[in-house]
Amino acid sequence: MLELEAWSLGIVNQPGKSIVLIGMMGAGKSCVGRCLQQRTKLALVDTDDIVASKFGISIPEIFSKYGEQDFREAETQALRELAPVRPTIIVTGGGIVLCETNVDFLKRLGVIVWLDGNEETLFERASRARTRPLLKGENPRETFTQLLQLRLPLYAKVAHVRVDTSVLTDEEVTVAILSKLRKLGRNWRVESSAFAEATADKPVPATR
Ligand code: S3P
């Protein structure tokens, strides 16, 4: 039954029809990616994993040893080299939308799904693991707000589909994504600007 998911989405064996997960730290991209993989039986790649394996060390170690700039360059390189021949679930790091080149690569890969959530929930989840290098400073809460405000319009601009994960389990998010993709059907290559317009009157999340 579950194997039918990918088929019913019309994405079996179609290059350029991958499902790309974007969104802020704490949105649940990695866990939802795994749920999606289980349901659709598609392959799964995570740009953070690619970067970590290129350096041979963890993401926090890359940041502390080489700095954010080197991480970002490796992230762009990972995307550049990503050309799955079959549809794939592609999980990205929260900052992937910061670079215009990355955005072009993301669009080429397939449908872009933005996992969103209210700020408090995202922060609470992101800081729980204590592994996010960008939240290691003096005031992680403040930093989180700044990063989120900068990124929200970028996520909105590039996404085809948005799912608010605030009160949903990973399974529920997965079901919501699949149902939205099914509704998009063959039209999931809608202009992302149309999506940005559709979400333009979305209230900006409170900043504390
Ligand atoms: C980052 C998010 C991280 C990782 C790196 C930078 C960011 O991934 O790519 O620490 O800039 O938001 P997650 O979004 O999976 O935490």
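For the reader, a short list of remarks on this structure follows.
- Across the options ILE57, LEU109, VAL167, the greatest Cα extent toward the positive end of the charge dipole of segment 4-198 (unit charges at beta carbon of Lys, Arg, Asp, Glu) belongs to LEU109.
- Nonlocal amide H pairs with GLY94, under 5 Å, H built at 1.01 Å: MET25
- Taking only the alpha carbons of segment 92-161, we obtain Rg and Dmax values of 12.9, 38 Å in that order.
- Estimated vicinal HN-Hα couplings, Hz - segment 108-125 in sequence order (Karplus 6.51, -1.76, 1.60; Gly, Pro = x): 5, 6, x, 7, 9, 10, 9, 8, 10, x, 6, 4, 4, 5, 4, 5, 4, 5
- Applying the Karplus relation 6.51 cos²θ - 1.76 cosθ + 1.60 with θ = phi - 60° to segment 46-52 yields 3J(HN,Hα) values of 10, 4, 4, 5, 4, 5, 4 Hz, where x marks Gly and Pro.
- Convex hull projection area averaged over all views, segment 4-198, Cα basis, nm²: 10.2 nm²
- Unit charges on C-beta of K, R, D, E only; dipole of segment 4-198, Debye: 660 debye
- Electrostatic tally near VAL32: other residues with Cβ closer than 10 Å to its Cβ, Lys and Arg +1, Asp and Glu -1, net -1.
- Integer Hz, Karplus 6.51/-1.76/1.60 couplings in order for segment 157-171, x for Gly and Pro: 5, 9, 6, 8, 9, 10, 10, 7, 8, 3, 10, 10, 6, 4, 4
A short reminder: the numbers here are calculations on the coordinates, not readings from a lab. Since the structure is predicted, the reported quantities are computational estimates derived from the model, not experimental observations. FYI the Cβ positions are ideal-geometry reconstructions off the backbone, even for glycines, and counts take in every protein chain you see.
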